[in-house]
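Structure, as structure tokens:
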Amino acid sequence: MAGFRDREKQFFPLQNIQDVVKLFRDQLTCGEEPNLSLLSIVLGVIENILTVNRAIPTEVDNSANLEPIFPVVELHTIEALYSKFESHIKRSVDLTKFPGPHATRELVKHVSDVIWGSLTRSFYKDKAHLQSLYSFLTGNKLDCFGVAFGVVAAFQVLGYKDVHLALSEDHAWVVFGENLAETAEVTWHGKGNEDKRGQPITAGTTEKSWLYLNGYPVICTREMEVSSIVSGINLAITTTMDSVELGSLQQELLWLLYDMGHLKKYPMALGNLGDLEEITPSENRKKPIELFQEAIASSQEYYNNQHVYPYTYLGGYLYRKQDYNGALQAWADAASVIKKYNYNREDEEIYKEFLEIANDLIPSMMKHVAGENAARIHHTSLLYNPESYANFLRFYDGICEWEEDSPTPVLHITWAKQLVFSISKFDISVRIGVDLKGENGDGDESEDSEDDENSSGETKDKNQNVKEESSRNKTDGEDGEQNTTKARGRVGRQK
Ligand SMILES: CC1(C)CN=C(N2CCN(c3ncnc4sc(CCF)cc34)CC2)S1
């Protein structure tokens with residue numbers, strides 16, 4: 001029957017989050033490799049019950065909606081799916097032709113074909129909950145990450161230790177061979193792009209390419225491959241509601257992996273944990289801001305600071321907390337990373353990220369602060385803050401440099417219109433570099449202070465002009481309606 005040892009069997013049936021955590025902890029500390037297929041199937045079964053096949057009780061007993069519901073995961077369910085995967089892979093791959101301890105490119109392509117060949121032709125590849133082996137085994141559907149993970153899990157079933165998952169911020173492939181020196185595409189990317197399965201990922205492909213992180217992808221260990229499927233748990237019941245129980249499970253498992261050091265080199269998983277902690281803070285655990293900063297430090301230390309998402313995780317968080325100065329700095333740092341890349345047609349995801357920041361989040365932020373009269377009168381608003389203005393300009397400068405030498409244009413009229421709208425909200429004093437508070441430290445107070453009695457007429461006039469100009473600017477501001485962002489709620493609370 002299934003390759004289960006009594007070790008795994010002792011944890012079943014899984015009746016609650018702690019039972020799942022104990023199974024994962026055992027798999028990660030038992031001295032042997034964690035069983036990727038087993039863990040992916042377990043997470044897929046639980047995710048499916050808590051999101052896809054969620055039988056929400058009728059109005060009659062609506063109290064049930066508030067009771068935590070956790071599925072009981074029986075051993076026989078998991079064993080049946082595991083042995084189906086194991087026998088499908090072993091039956092489809094004749095290893096007698098591949099004697100060596102390391103995988104070969106031919107074998108990697110063949111295993112990718114076996115997974116690929118089992119997928120139903122017509123399914124909407126962008127759908128949710130298609131990332132696990134549960135989806136593969138029960139619906140013959142996988143998303144692009146799921147195909148890459150499935151290939152790695154298949155190689156583990158075949159007894160190979162050298163085939164590992166390589167992850168960028170929007171793509172996945174595999175490394176293999178002696179010293180993991182070889183790379184191969186094993187899945188597709190995006191829409192309308194021919195898949196390049198079997199091909200190596202060459203320096204020519206990765207250079208200045210965000211999709212391949214300029215040659216600095218996350219190269220997973222077996223434990224980091226476990227981190228990737230935990231991080232990939234999809235909480236969505238609908239577009240506006242997440243499963244609370246599934247979120248708690250993901251959070252507990254990510255902390256387990258964090259404590260064991262398996263998120264250290266995985267910035268996106270650290271960011272994911274930061275998002276979960278923002279929604280449901282754990283006692284005696286690091287704060288979201290610390291986790292986002294650890295993700296940035298991880299990218300700086302292990303990936304030559306070539307990753308963008310650590311900064312946009314932080315920027316999004318600070319924006320939601322209405323720390324707009326901090327958000328502008330994080331977004332300027334994100335643009336300072338992307339400017340080293342050339343934008344090409346397969347980079348749409350990061351384009352959409354910067355588009356939303358420039359044409360939605362920053363304009364909303366400017367409207368909000370334009371309405372803050374107290375802050376404006378006391379010049380504490382970011383509209384008077386030269387550092388915020390500098391970060392604002394650095395953000396746009398990075399996007400312009402990103403576009404330079406790129407085969408695909410980035411900016412268009414909407415970007416220009418939103419730039420004019422946003423930049424005009426900054427006070428004239430920061431835009432022309434006049435220090436209204438006379439703190440410019442060069443001793444020549446009369447030049448800058450507004451209320452200096454003996455300042456010369458023209459200085460007064462100039463200051464007077466500046467004041468009038470800046471006061472005119474203020475009236476341009478839109479009424480500062482509070483800009484609320486969609487908080488990501490969980491079931492029971494609308495997002
Ligand atoms: C700041 C953000 C917009 C918030 N969520 C973000 N993501 C959510 C989680 N993501 C991820 N999280 C963990 N691992 C991976 S591997 C991968 C590439 C396809 F395989 C994506 C991704 C992608 C990025 S970036």
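The rows are residues; the columns are (1) more than 30 Å from Thr238 (Cβ to Cβ); (2) part of a helix (DSSP H, G or I); (3) modelled with pLDDT of 95 or more.
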site: Glu79; (1), (2), (3): yes, yes, yes
site: Pro101; (1), (2), (3): yes, no, yes
site: Val108; (1), (2), (3): yes, yes, yes
site: Ile115; (1), (2), (3): no, yes, yes
*Does Val151 count as farther than 26 Å from Leu81 by Cβ, among the hydrophobic types (A, V, I, L, M, F, W, C), open to solvent by less than 60 Å² (accessible area, probe 1.4 Å) and without any contact (Cβ under 8 Å) to a residue 60 or more places away in the chain?*
no
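Would you list the strands (runs of 3 or more DSSP E) that sit entirely within the range 168-241 and hold 1 or more residues that are under 20 Å from Lys127 (Cβ atoms) and open to solvent by 10 Å² or more (accessible area, probe 1.4 Å)?
Values: elements: 172-176, 182-184, 236-238.
Filter on the range 168-241 gives 236-238.
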*Report whether or not Asn272 is more than 16 Å from the ligand (Cβ to nearest atom) and either outside any helix (DSSP H, G or I) or out of contact with any Asp or Glu (no Cβ under 6 Å at 6 or more places or on another chain) (or both).*
no
*asked:* Being within 12 Å of the ligand (Cβ to nearest atom) and either modelled with pLDDT under 95 or over 18 Å from Leu382 (Cα atoms) (or both) is the filter here; which residues of the range 297-335 pass it?
replied: His307, Val308, Tyr309, Pro310, Tyr311, Thr312, Tyr313, Leu314, Ala334
*Can you tell me which residue in the range 127-148 is farthest from the ligand (Cβ to nearest atom), limited to those that are free of Cβ contacts under 8 Å to residues at least 40 places away in the same chain and open to solvent by 50 Å² or more (accessible area, probe 1.4 Å)?*
Asn140
*Could you tell me whether any residue of the range 262-269 is surrounded by fewer than 23 Cβ atoms within 10 Å (Cβ to Cβ), within 16 Å of the ligand (Cβ to nearest atom) and part of a helix (DSSP H, G or I)?*
no
*Please tell me if Tyr319 is of a type in the set (Ser, Thr, Tyr) and touching a Phe, Trp or Tyr at 6+ places or on another chain (Cβ under 6 Å).*
no
*What is the number of the single condition among (1) over 26 Å from Ile432 (Cβ atoms); (2) within 15 Å of the ligand (Cβ to nearest atom); (3) touching a residue at least 60 places away in the same chain (Cβ under 8 Å) that Asn342 does not meet?*
(2)
*asked:* With the structure loaded, tell me whether Ile413 is touching a residue at least 40 places away in the same chain (Cβ under 8 Å) and of a type outside the set (Asp, Glu) or whether it fails that test.
replied: no
*Out of (1) acidic (Asp, Glu); (2) in a loop (DSSP other than H, G, I, E, B); (3) within 16 Å of the ligand (Cβ to nearest atom); (4) open to solvent by less than 30 Å² (accessible area, probe 1.4 Å), the odd one out for Asp162 is which?*
(3)
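The values are calculated or read from the model by the stated rules, or taken from the named source; none is laboratory data. All figures in this text were calculated on a predicted structure; none of them were measured in a lab. Cβ coordinates were reconstructed from backbone atoms using ideal geometry, including for glycine residues, and neighbour counts include every protein chain displayed. For accessibility, only protein heavy atoms count, side chains too; no ligands or nucleic acids. Shrake-Rupley method; radii C 1.70, N 1.55, O 1.52, S 1.80 Å.
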